[in-house]
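I am attaching a structure below and will ask some questions about it afterwards.
The numbers here are math on the coordinates, done by the rules we state, and not lab data. Small disclaimer: the values here were computed from a predicted structure and weren't measured. Methodologically, a virtual Cβ is constructed for each residue, glycine included, from the backbone with ideal geometry; neighbour enumeration extends over all protein chains shown.
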Amino acid sequence: MVKIPMFDSHAHVASGQFDLDRPAVIERARVAGVDGWLEVASTAAGSRRAVELAEQLEGTLATVGVHPEEINAMQEEDWQLLDELAGSEKVVAIGEVGLDFHREGTYEKQIEYVKKFVDLAIKHNKPIIWHIRSSQQLDANELLLDYLRHCPLPGRLRGIAHTFSGTVEQAQRYVELGMYLGISGVVTFKNAGVLLDVVKAIDLEYLLIETDSPYLAPDPYRGQRNEPAYVRFVAQKVAQLKEVTIKEVEKVTYCNWQKLIVSQKV
Ligand SMILES: [Zn+2]
């Protein structure tokens, strides 16, 4: 029987939080059957680290990009570095980029940078890993959906709404735009709320599983440092909500991931 691997579609193993025991974390992922993960960058310097880590690990891939809360620290020359790194063989996506309205200010600049990162993604023909976080007053999903509806990504260039946290209706609109929804450990929390409805309502064919390590550890590790091995708890919860086996979730989400990546190469 062919063994179906699991793939964590969003992790930050290059984070300083893993400096003391990174090899052990990587080994635990392997033992747990996690074939690899997408090593997601949040800064320009972090993009270089993400590529370097992915180059050392078979099955692990990388992104380049700058998190919306980090764009103020960006220098003009960082664009050149991102552009160069985006051409690396291990880089399969641009991210995590997007909108984070949790803190005051910088909204206009964030929107301006969304456009710049879309240009970078188009230039390199890579999907985008979107970080989307709303504030009480401002719904970041609405803003991004509106932007994508008016400026759809060309061809098969798609992306992932990572750690999706919108409504069922917004989830459907992302899917209509050709996006995948990244389901994180939040789905295992007691207060997962509407995310449970989203997972039930959206076809498994449009879902991906992720950890966002070292953040958002799923139950039973909530509050502790997260790691790629724990992606199985997300798979388990998705399986329970979809009333299918964990194997089925692993298989379909792995294929979804392959489809997203391979579609860029043809
Ligand atoms: Zn992340």
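Between residues in the range 8-23 that are farther than 16 Å from LEU38 by Cβ and residues that are surrounded by 13 or more Cβ atoms within 10 Å (Cβ to Cβ) and of a type in the set (D, E, K, R), which pairs lie under 9 Å by C-beta distance while being six or more apart or on different chains?
GLN17/ARG225
Now a separate question. Consider only pairs whose beta carbons are under 7 Å apart and that are at least six residues apart or on different chains; among these, list those whose first residue lies in the range 41-63 and is assigned to a helix (DSSP H, G or I) and whose second residue is of a type in the set (D, E, K, R).
That search, which allows pairs on different chains as well, returns ALA44/ASP78; ALA50/GLU39; VAL51/LYS90; LEU53/GLU39; ALA54/GLU39; ALA54/LYS90; GLU55/LYS90.
Of the numbered conditions (1) touching a residue at least 60 places away in the same chain (Cβ under 8 Å); (2) under 22 Å from HIS12 (Cα atoms); (3) not acidic (Asp, Glu), ASN125 satisfies every one except a single condition; which is it?
In the conditions (1) touching a residue at least 60 places away in the same chain (Cβ under 8 Å); (2) under 22 Å from HIS12 (Cα atoms); (3) not acidic (Asp, Glu), ASN125 misses (2) alone.
Right, another one. From GLY46, GLY59, GLY87, which residue is surrounded by fewer than 19 Cβ atoms within 10 Å (Cβ to Cβ) and under 19 Å from the mean Cα position of the chain (by Cα)?
Answer to the check: GLY59.
Could you tell me which residue of the range 166-180 is nearest to ASN256 (Cα to Cα), considering only residues that are in contact with a helix residue (DSSP H, G or I) (Cβ under 7 Å, 6 or more places away or on another chain) and surrounded by fewer than 24 Cβ atoms within 10 Å (Cβ to Cβ)?
Ranking the qualifying residues of the range 166-180, first place goes to VAL175.
While we're on this one: LEU144: aliphatic (A, V, I, L, M), assigned to a loop (DSSP other than H, G, I, E, B) and without any contact (Cβ under 8 Å) to a residue 60 or more places away in the chain, yes or no?
Taking the combined requirement at face value, the residue does not satisfy it.
Go through the range 147-170 and give me each residue that's part of a helix (DSSP H, G or I) and in contact (Cβ under 8 Å) with a residue 12 or more places away in the chain.
Of everything in the range 147-170, those that are part of a helix (DSSP H, G or I) and in contact (Cβ under 8 Å) with a residue 12 or more places away in the chain turn out to be TYR147, LEU148, ARG149, VAL168, GLN170.
Check GLU69, GLU77 and return the single one that is touching a Lys or Arg at 6+ places or on another chain (Cβ under 8 Å), free of Cβ contacts under 8 Å to residues at least 40 places away in the same chain and assigned to a helix (DSSP H, G or I).
GLU69
Continuing with this model, one more query. Can you tell which of ASP197, ASP119 is surrounded by fewer than 20 Cβ atoms within 10 Å (Cβ to Cβ), over 23 Å from LEU82 (Cβ atoms) and of a type outside the set (S, T, N, Q)?
The match here is ASP197.
Please find, among HIS102, HIS10, the residue that is touching a Lys or Arg at 6+ places or on another chain (Cβ under 6 Å) and within 15 Å of the ligand (Cβ to nearest atom).
HIS102
Return the only residue of ILE132, ILE128, ILE94, ILE71 being of a type in the set (Val, Ile, Thr), within 16 Å of the ligand (Cβ to nearest atom) and over 22 Å from ARG158 (Cβ atoms).
Checking each option against the conditions leaves just ILE71.
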